[in-house]
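These notes are about the structure you will find just below.
The values are calculated or read from the model by the stated rules, or taken from the named source; none is laboratory data. Since we're looking at a predicted model, the values are computed, not measured. All Cβ positions, even for glycine, are placed from backbone atoms using ideal geometry, and neighbour counts span all protein chains on display.
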Amino acid sequence: MRDAAGFAGRVASAFIDSKLTQLLILGSLLVGLFAVVATPREEEPQIVVPFADIFVEMPGASAKEVEERISIPMEKKLREIPGVEYVYSISQPGASVAIVRFYVGEDEERSMVKLLDKLRANFDLIPPGASQPLIKPRSIDDVPILALTLWSDSVDPFTLRRIAAELDEQVKAVPDVAETRLIGGLRRQLRVTLDRDRLAGFGMAPSAVLAALGESNRELRVGRFAVDNREYLVDAGAFLAGPEELGRVVVGVSRGGPVHLRDVASLDDGPEEPREYVLMEPGRGATEREVAGAARGRAYPAVTLSVAKRKGTNAVVIAERVLAKVEALRGSLVPGTVHLAVTRNYGETAREKSNELLKHLLLATLSVTVLIALFLGIRASLVVLVAIPVTLALTLFLYYLYGYTLNRVTLFALIFSIGILVDDAIVVVKTSPGTSTSLRTTAARARPWRWRRWTRLATRPSSPPLPSSPRSCPWPSSAGSWAHTCARSRSVRRWPCSSRSSSPSSCRRGPQFGSSGRRTVTRKRRRTGPPASTGASWGRSSPTGSGARSSSAR
């Protein structure tokens, strides 16, 4: 039976007979449950597409000159790197930006190393007046998973920016936060406005003032000395901290005396000139806590803080940690007059989509089990009900071991694989010895009544293997042995023949056959008489032996 079952049947039989099968099933389900809880969840899949931005500056050059002297030669060199798929460039007055994209699946670190080596090997080709290339790698993890918008109807954009900057410092301390960015608001700026008449009176040029400011706003290590077994470090200079220190900077000498910056320029400590505008308008879906008395349908100044995560970390957990940190800072760092709205939360959407797909995965498993139970029986459905969850649990555990994440693509793939798992489980059911007999019995019960009435008699324990059809029924070689197993599905047919006859041709046609040779059957009496020796169909008598004695079947 094992050889006839095939490889799948032998494997199934080994697990059926093993006493460790229940423990293996329980252990598989437990590790699968652990993988569902511990595997990081994301909304988008981790597609490895290495690409980088390359910035080169050339002050004073036109866009045409930048294109001919920087962009085109750099494109030619970048296309020589193995694994590069596309190279784009943007030329503008005074600067060039090149975008390099590698093939999908290329190793990110190796791609960046090859890019850096290629650029360093061609530094001698940089034209005079151009800066060295600045490389900024990009990845899918640079996309923010969380966006917090601070807005107010009574606070100006300059104050909002300062509050958001303080909040930014606190959010960076949360584990697994990779990059944060502030969008909107007005930064603090010390503006120096030179007075042309005063500069002319002191005999100074604006370039001299600019050079003096650059030299004053720095701090350098100038030396060290040791005293009493202690070493002291000597630093010279300091960074400018406010408008008072900036005004005391000496920018030149005139008539034997120092000229301070406040003597030739006006100083202004305040917000910068607006470069972008970020506004927040409460919509109909905003809660009363988010609005807090502000008028709906009106735009207010706002500042957005975006948060990105590290590669391979759980977006759901990081978003929850950041939100908990921000809630703890309400009222202390974030005043009550400043409203906080969550304008993007990929952690919440990733959790909702993952839970929804896991629920559909469970529903698909139960639906397939019910269909198998209706068409193949309870036993086959139980095999499918055990095989699918165990296989999916082990697959999720392998996801966790290999560093994959749970996202909509991986979970959709698991849902689509249920069909393959069901086919494998059905193959195992059909190749198992005990199950195949049950399936044949179920199929036999579905046959018509006229075919089943010949299969009612049970086979004796000592009966030989049954032939597949009456035509293949063997005839006894010795006289007197006239009990033949010539029926289907384990029934016994006995053919009455002459006690002295040793061939089918001498068997008498039974009383249930008419003169035409066709069988007339009643429900209380079974057909008697052997099949024809050659060329006759089932139910016809032999052409010989018309005067022989007839006997009824036992």
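Miscellaneous remarks
- Top-ranked residue of region 45-69 - restricted to ones that are within 28 Å of Ser89 (Cβ to Cβ) and touching a Phe, Trp or Tyr at 6+ places or on another chain (Cβ under 8 Å), ranked as surrounded by the fewest Cβ atoms within 10 Å (Cβ to Cβ): Val49
- Extreme residue, farthest from Leu323 (Cα to Cα), among residues of region 174-208 that are among the aliphatic types (A, V, I, L, M) and free of Cβ contacts under 8 Å to residues at least 40 places away in the same chain: Ala200
- Taken as a whole, the structure leaves Glu169 outside the set of residues that are loosely packed, with under 12 Cβ neighbours inside 10 Å and in contact with a Phe, Trp or Tyr (Cβ under 9 Å, 6 or more places away or on another chain).
- Any pair with Cβ under 9 angstrom, 6 or more apart, that starts in region 59-77 at a residue that is in contact (Cβ under 8 Å) with a residue 60 or more places away in the chain and ends at one that is among the basic types (Lys, Arg) and assigned to a helix (DSSP H, G or I): Ala61/Arg69
- Restricted to region 1-81, the set of helices (runs of 4 or more DSSP H) holding at least 2 residues that are touching a helix residue (DSSP H, G or I) at 6+ places or on another chain (Cβ under 6 Å) and of a type in the set (D, E, K, R) comprises 2-17.
- Condition met for Val291 (modelled with pLDDT of 85 or more, surrounded by 11 or more Cβ atoms within 10 Å (Cβ to Cβ) and touching a strand residue (DSSP E or B) at 6+ places or on another chain (Cβ under 9 Å)): no
Each row is one residue, and each column tells you yes or no for (1) farther than 23 Å from Ala178 by Cα; (2) within 24 Å of the chain's Cα centre (by Cα).
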{"position": "Glu75", "(1), (2)": "yes, no"}
{"position": "Pro82", "(1), (2)": "yes, no"}
{"position": "Ser96", "(1), (2)": "yes, no"}
{"position": "Asp107", "(1), (2)": "no, yes"}
{"position": "Pro128", "(1), (2)": "yes, no"}
{"position": "Leu150", "(1), (2)": "no, no"}
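- Taking the listed residues Leu363, Leu358, the one that is free of Cβ contacts under 8 Å to residues at least 60 places away in the same chain and farther than 15 Å from Leu146 by Cβ is Leu363, with no other qualifying.
- Check on Ser28, touching a strand residue (DSSP E or B) at 6+ places or on another chain (Cβ under 8 Å), of a type outside the set (A, V, I, L, M, F, W, C) and on the phi < 0 side of the Ramachandran plot: no
- Of the residues making up region 91-107, those that are surrounded by fewer than 16 Cβ atoms within 10 Å (Cβ to Cβ) and over 19 Å from Phe55 (Cα atoms) are Tyr103, Val104, Gly105, Asp107.
- For Ser28, the criteria (1) loosely packed, with under 15 Cβ neighbours inside 10 Å; (2) at pLDDT 90 or above hold in every case but one, which is (1).
Residues are listed down the side, and each one gets a yes or a no for (1) assigned by TED's automatic domain parsing to the domain that holds Glu67; (2) modelled with pLDDT under 90; (3) over 23 Å from Ile140 (Cα atoms):
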{"position": "Glu85", "(1), (2), (3)": "yes, no, no"}
{"position": "Ile90", "(1), (2), (3)": "yes, no, no"}
{"position": "Val100", "(1), (2), (3)": "yes, no, no"}
{"position": "Gly105", "(1), (2), (3)": "yes, yes, no"}
{"position": "Leu119", "(1), (2), (3)": "yes, no, yes"}
{"position": "Asn122", "(1), (2), (3)": "yes, no, yes"}
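- Some residue of region 81-104 being free of Cβ contacts under 8 Å to residues at least 12 places away in the same chain and out of contact with any strand residue (DSSP E or B) (no Cβ under 8 Å at 6 or more places or on another chain): no
- When Arg2, Arg41 are checked against the criterion of being modelled with pLDDT of 80 or more, more than 19 Å from Ala380 (Cα to Cα) and in contact with a Lys or Arg (Cβ under 7 Å, 6 or more places away or on another chain), a single residue qualifies: Arg41.
- Of all the numbered requirements in (1) free of Cβ contacts under 8 Å to residues at least 24 places away in the same chain; (2) among the aliphatic types (A, V, I, L, M); (3) surrounded by 12 or more Cβ atoms within 10 Å (Cβ to Cβ), Val251 misses one, and that requirement is (1).
- Among residues of region 300-316 that are among the aromatic types (Phe, Trp, Tyr), those with a beta-carbon under 9 Å from a residue that is assigned to a strand (DSSP E or B) and surrounded by fewer than 22 Cβ atoms within 10 Å (Cβ to Cβ) at least six positions away or on a different chain give the pairs Tyr300/Leu279.
- If you check Gly237, Gly223 for being over 29 Å from Leu160 (Cβ atoms), without any contact (Cβ under 8 Å) to a residue 40 or more places away in the chain, touching an Asp or Glu at 6+ places or on another chain (Cβ under 6 Å) and not basic (Lys, Arg), only one passes: Gly237.
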